[in-house]
Structures are given as C-alpha cells and as structure tokens.
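Structure record follows, encoded as structure tokens.
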Amino acid sequence: MTFSKYELSEIFDQTITEDINDICVNSNVIKEKNLFIALNGKQTDGHNFICQAINNGAAVVISEKDVPQVEFSRIIKVKSSIEALRKLAKYNIDKSDAKYIGVTGSVGKTLTKDLIYHILSNQSKLRNKIYATRKNFNSQIGLPICAATMPRNTEYGIFEMGMSAFGEINKLITIVQPSVSIISRVCEAHLEFFDSIWDIAKAKSEIFKTEKKQEAAIIPADSPYTDFFKQEAIACGIKNVFTFCSPNADAKVLEYHCVDDHSRIVADILGKKVKYLIYGNNISLINNSISSLLGAHIISGISLQNLADVLESFEAPPGRGGIIYLENRNITLIDDSYNACPTSVRAALYSLTKYVGRRKILILGDMLELGRDAICYHENLSATIDKCEIDVVFACGFLAKQLFDNLRGCKKGIWCEDSAELGEKILERIQNGDSILVKGSNSMKMNYIVDIIRNSD
C-alpha cells in the first residue's frame, strides 16, 4: 500500500514532498521509501532512532518531537504518534469498499484468522483480493499498521483483534468495522490483566459495538458466556447470531476420524452437510475450522463445500499445532510451542490420545499471564495428564515445576529451569516411536526444543 505525498499532505494538513510505500515502527527493518513512525514505548523511545531510520531509507517520519537535523518536508510533527497511525489507518480503510471479518478470543483467534484467509484466498475468483492482519498484529499498534497498509482493492479483510484492557477493542472497531464478528473462545488466557474470566468476556463483547450494524456474529456454543454474548450481539442490532462447537450449535462436527496426520471431518453448518480433510487432529483446530467456514460463507456467499474443499492444503503457522513426522525415528512431534493456557493445553492433550500404541510425551513450559491463581492452574493439569494417559512429562520454568511436583512419580521425566537447559537433556530421554507435544508460553522459547528434536532425525 502506498500513500502519495498529496494524501499525506491532506491527512496531516502539511506539505509533504515524498510518497511512501509502507509503514514501519522499527528503524532496524526500515526500507527505502518507508514512513517511519516514532512511537514512545514502555521500553524504548522511537524518537531516539529517527536519524537511523532516515539513514536506512525512510522517506518521511512522524514524530512528536522537533527533528532539526532533518528537512521540514520529511517530518510530520504531531501531538501523538499513535493517533497519527490511527489517522492513516482510518483514512486507508475509508478509501476501500472491502467488507471485514473481525476475530477475537482468548485462544484460537490467530488460527481462525489464518484459516479464513486460506479459505477465501484459495477461491479462484477472490485470488489477490483477500487481506489479513500479519502474524499476530492484533494490538493498538499492530492492527492500525495492518489497516493502514491494506491494499485498497481488497474485497474481504480479516482482522484479528486483541486486547489487554477494557475499551481496547472499542478503539480497534472505530478503525475497522466488521460485517461479521467471531469470538473464538474465552478462557483464562491473559487473566493477569483482569479480575475474572467474566471481565474478559465483557471486554471481548466490545467487538459487537460497531457504529454500523453487523451482518452476523459467530460465538462458541459451549461457553459459560454464550447467552451473554448472544444478548449483547442482539442488543447491538445484530440479527444473525450463530453458534458453533456443540451438538446443538448452528455449526457442528458430526464425525471426525484421524487418517494418518489428517482429520476427516463431516460437519453440519447451517443445516448443510459438509465434508473435508484438514491437516492435524487438535480438537481446537477442528472447531476453529468450523467457525471459519461459517464466517467465510456468510461474508462471501460462496458455497460451504467449495470453501471446505481447500482446507486440505491448510498448514498451521509454526508453533500453532503443526505435526512434524521424523521418519528415521518414527517420532510424531506436535509443535504447539507458540503459546499456552490451561484450556489450550487440555485440548492439545486430548489430541495426543489419538496416537494409540505409542508412548505419549508432554514437554511443557510455564503458562504465563494467568494472574493470582497461576500455581493452581498448573497443579490442576495433573488430572488431565492422568486422564489422557500421558506417559512422561518434561517441564521447564518455575510454574511448570508446580505441575511437575504434583505428578505421580512414574510420569516424571525431568524438570529444568528453562528451555535451553531442558533442550540439552531431552534427546537422551525420548525414544523412537514417541508421540511428543511441545507447549508453553511464547516467552519460554519452547520452539528451541522443537528445533532440537526435529534436527535429531
């Protein structure tokens, strides 16, 4: 996406003499003709890197401070850099005729966003007309960057919306107003920032409160907050509220069978039977695929079966439950290392039970941001580990040790302080033929252990 010098001049009421071809907030990765936005963050102040950004090719800089060493026509002086970014985002969105799907939830929102993007972008008539937020750019900075750089010929945009406080989703939907909103699942993830899961649910429901009435809302049917979400959506003027994930839902799984590393699904979506194959067998992936098909169908009008047919080629991003088969050692490695909370760990453990006749291994790092009950959340996983007949647990981190100490002795592998130490010892403990699940919060760097095991083949 480009902004012309005339558009920049109009937006900021100042004469700008350079066009820009992208927006960047990191001076280290700035490219020629980019716009650099100097943000004052908690750890670093982007204003300290303006000269570096200019030297690396930035054509224009947005700054809250004077920059006397740079020519005036290349500096956009503003009161708030983040508000300037929001201005760019809103201007760009207003120039497009695209329709939007907004996705939020405690877990599963990035995967849902990626699934919808895959489903729609692989339809021949929509190729090159679908846009989605990058990676997990779902914050007060990430989403506006994506909105500001969305190509204006986009037909359907899929925007992931995250939050860590009340009112944050409200701010995001003033930039991008979804026609269809999806809540993936609400659970204890990021509970550190709220007093209760109930508060998380209330904050997530802000996604319904767009100025323009939405076409539909899609919510989980098996949540304690289902009725609340339904009432909130209806109160916001959303007439079509659909549920997914339970036997009585509008979108549900009728059958699923594991076929090697794939799942063969038969689903009922809005009363229509849909059959498809998807890579992986995590029940969370399967449920997310159901809501994604429903959302993609509602916004595009394309038949559900045509949408479902392309799911066979979907591959989860690294760390999101992808299956790695190490042929020489007959090891099945499930890379779910990107993030973790008790709900997502339990779902992944149940998926591990599909590997009958194999030794089942859990490698777990701390589950972070769980608030005051973090220790209890870790300890209580031991019951699920027993129920799922996990054979051995390897763990790292202070919180994971609380789980490790709560396990029956026969299930205790080894515990280490961090993933680097555990990675040094893990290879001598795993065996040919094992099925291994690696899970933990992103900052625990559990992907390091995935790489060690994968490279041992």
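What the table below lists for this structure:
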{"item": "Helical contribution to [θ] at 222 nm, DSSP H n ≥ 4, -39,500 (n - 2.57), averaged over the chain, rounded to 500", "result": "-9000 deg cm²/dmol"}
{"item": "Quotient of C-alpha Rg and 2.2 N^0.38 Å, computed over segment 380-437", "result": "1.09"}
{"item": "Within the chain: Cβ-based charge dipole about Cα centre, in debye rounded to nearest 20 (Lys, Arg +1; Asp, Glu -1)", "result": "800"}
{"item": "Shape call, segment 94-137: gyration tensor on alpha carbons, a/c limit 1.5", "result": "oblate"}
{"item": "For segment 286-313 versus segment 162-221, the gap between their alpha-carbon centres in whole angstrom", "result": "22"}
{"item": "Ranked by how many other beta carbons lie within 10 Å on average, peptides 67-74, 163-170, 108-115 from highest", "result": "108-115, 163-170, 67-74"}
{"item": "Cα-centred dipole magnitude for segment 322-454, charges only on beta-carbon of K, R (+1) and D, E (-1), debye, nearest 20", "result": "420"}
{"item": "Dipole magnitude (debye, nearest 20) for segment 263-383, charges at Cβ of Lys, Arg, Asp, Glu", "result": "460"}
{"item": "Considering only segment 96-313, percent of DSSP beta bridges that pair antiparallel, nearest 5", "result": "45"}
{"item": "Cut-off under 5 Å, modelled amide H: who pairs with residue 161 long-range", "result": "103, 104"}
{"item": "Most positive-pole-ward Cα, 203, 4, 229, against dipole of the chain from beta carbon charges", "result": "229"}
{"item": "Rounded, prolate or oblate (a/c below 1.5 giving rounded, otherwise prolate when a/b exceeds b/c) for segment 66-199 by Cα gyration tensor", "result": "oblate"}
{"item": "In Hz, Karplus ³J(HN,Hα) per residue of segment 206-220 (6.51, -1.76, 1.60; θ = phi - 60°; x = Gly, Pro)", "result": "4, 5, 7, 8, 6, 5, 8, 4, 7, 6, 7, 10, 10, 10, x"}
{"item": "Percent of Cα pairs exceeding the 28 Å cut-off, where the set is the chain", "result": "55"}
{"item": "Kirkwood Rh (inverse of mean 1/r, distinct Cα pairs), segment 171-318, angstrom", "result": "16.2"}
{"item": "Extreme residue, positive dipole direction of segment 322-454, given options 410, 426, 378 (C-beta unit charges)", "result": "410"}
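FYI, it's all coordinate maths here, none of it is from the lab. None of the values given here were measured: they were computed from a predicted structure. Using ideal geometry, Cβ is built from the backbone for each residue, glycine included, and neighbour counts are taken over all protein chains shown.
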